[in-house]
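Trainee: Sharing a structure here in structure tokens format.
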Amino acid sequence: MTKIYIIDVTNRDGVQTSRICLSKLEKTMINLYLSNMGIFQSEFGFPTTNHEVNYLNANLKLARMGIFGDLRLGGWIRATDKDVKQAFRNVPGLEHVNLSISTSDQMILHKFKGKMNHAAVIQEMTEAVETARNHGAKTVGVNAEDASRTRLEYLIDFGLAAKEAGADRLRYCDTLGYDSPFTVYERVKQLAQAIKMPIELHCHNDLGMAVATSVCGAMAANDAGYDAYINTCVNGMGERAGNADLVSVILALKYSSGVQGKYRLDEKVDLKMAWKLCKYASYAFRVPIPINQPGVGANAFAHESGIHADGALKDRRNYELYDFEELGRGEPEVIETGREITVGEYSGIKGFRNVAEKLEIEFKNEEEARKILELVRYANVLNQKPLVEDELRFIVQYPEICREIMAISPP
């Protein structure tokens, strides 16, 4: 039976959101939380971008150590021979890649401006796929940017060429959020049947339908007999109006009518991490979770109307489609209201040890504590906000890798 897998792109497309960013430590924590949530793959960054290189190599070390469990780490690369070679020079341990190039008439004519025609786009892509394979890539996804505005006949030719060159799947990019649930279903089903390979859905939310189009596209691929991969971002982050929200997509696959029980979501996905991951991403991005966000918004399980409150108290199923416990919610949160010692870029050893003791973190000696404090100071400088408990524990547990993650040297 076919399955639907999640490839989260928060650390690639999410960080491309205008006016916001994540530090390399925060991106690493996102990968850690995604792994704990059982997500199939994280598109963890850009291997051709200099300031990403140390972070990418360090995270691959963590992956080889088993810290991320089964989570795959995938790099995003332009589908050019030059960029693929540069990516593997920068990040030799890279195993999973997605190679991207535009396919619509709009972009070929008005973005490339005569530098490439339709045939040249396919040739450029196939050379990039072959180069990636020759450099040791274990899986290669090919991204058809603006696929939703691409002529289906050409998209099929593009997909067949990608498959012949050695690609494992085709990423159907609804780059402008142009598709409706109906059009994406029909197009993806025809595409999958024609090229006979798995389809990856990458949908933007410009018209507010990213979750719906992602789910319908995945249904179409499954109905055609092939696995589907849905791209998501935590809290729906992403360029312009954002990408398909991670938690919303999972909830839709598990509980929506006509999908529940008929289509099979990757069984490793564990929604109990949703609350923790979404809160952390909100803090890291400095973007509040909307009050009405599915599953994790403050009002997702709030009832005030008399009829609703009465019904929910009698039986939660009257007004709740799924349980808050399933998303890791329900535990009380303790907030300090008296004296509080925090750790920042100017903290001293006494205050740091006080915080560490509260977290039951022990050091071998004073020298080790001071070395960790120095790393914590640097992490605060990079994050530009107080570290959360999990970040502090991570630094204590993997100090040498954290040193590599946080090392950025302009050329």
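Trainee: Can you tell me how many residues in segment 146-170 are surrounded by fewer than 23 Cβ atoms within 10 Å (Cβ to Cβ) and not aliphatic (A, V, I, L, M)?
Mentor: Count: 10.
Trainee: Mind counting the residues in segment 274-314 that are open to solvent by 40 Å² or more (accessible area, probe 1.4 Å), over 14 Å from LEU251 (Cβ atoms) and in a helix (DSSP H, G or I)?
Mentor: 9
Trainee: Looking only at segment 212-238, count every residue that is polar (S, T, N, Q) and open to solvent by 10 Å² or more (accessible area, probe 1.4 Å) and tell me the total.
Mentor: Count: 2.
Trainee: Among the residues in segment 101-111, are any in contact with a Phe, Trp or Tyr (Cβ under 9 Å, 6 or more places away or on another chain), among the small types (Gly, Ala, Ser) and closer than 24 Å to HIS51 by Cα?
Mentor: Looking through segment 101-111, none of the residues is in contact with a Phe, Trp or Tyr (Cβ under 9 Å, 6 or more places away or on another chain), among the small types (Gly, Ala, Ser) and closer than 24 Å to HIS51 by Cα.
Trainee: Same structure again: Please determine whether any residue of segment 239-256 is farther than 29 Å from LEU387 by Cα and open to solvent by 60 Å² or more (accessible area, probe 1.4 Å).
Mentor: Looking through segment 239-256, at least one residue is farther than 29 Å from LEU387 by Cα and open to solvent by 60 Å² or more (accessible area, probe 1.4 Å).
Trainee: For segment 315-336, enumerate the residues that are touching a helix residue (DSSP H, G or I) at 6+ places or on another chain (Cβ under 6 Å) and either modelled with pLDDT of 95 or more or within 16 Å of LYS254 (Cβ to Cβ) (or both). Spell out how you get there, then give the answer.
Mentor: Initial filter on segment 315-336 (touching a helix residue (DSSP H, G or I) at 6+ places or on another chain (Cβ under 6 Å)): 318-319, 321-322, 326-330.
Correct list: LEU321, TYR322, GLU326, LEU327, GLY328, ARG329.
Trainee: Then there's this: Report, by residue number, each residue of segment 1-36 that is within 25 Å of TYR226 (Cβ to Cβ), of a type in the set (Lys, Arg) and surrounded by 22 or more Cβ atoms within 10 Å (Cβ to Cβ).
Mentor: ARG12
Trainee: Quick one: which helices (runs of 4 or more DSSP H) sit completely within segment 328-411 and have at least 2 residues that are polar (S, T, N, Q), out of contact with any strand residue (DSSP E or B) (no Cβ under 9 Å at 6 or more places or on another chain) and surrounded by fewer than 17 Cβ atoms within 10 Å (Cβ to Cβ)? Reasoning before the result, please.
Mentor: Working: elements: 349-358, 366-383, 389-397, 399-405.
In segment 328-411, no matching helices (runs of 4 or more DSSP H) lie anywhere.
The values are calculated or read from the model by the stated rules, or taken from the named source; none is laboratory data. In this text, all values refer to a predicted model and were calculated from it rather than measured experimentally. So basically every Cβ, Gly included, is an ideal-geometry build from the backbone, and we count neighbours across all protein chains shown. With ligands, DNA and RNA removed, areas are computed over all heavy atoms of the protein, side chains included. Shrake-Rupley method; radii C 1.70, N 1.55, O 1.52, S 1.80 Å.
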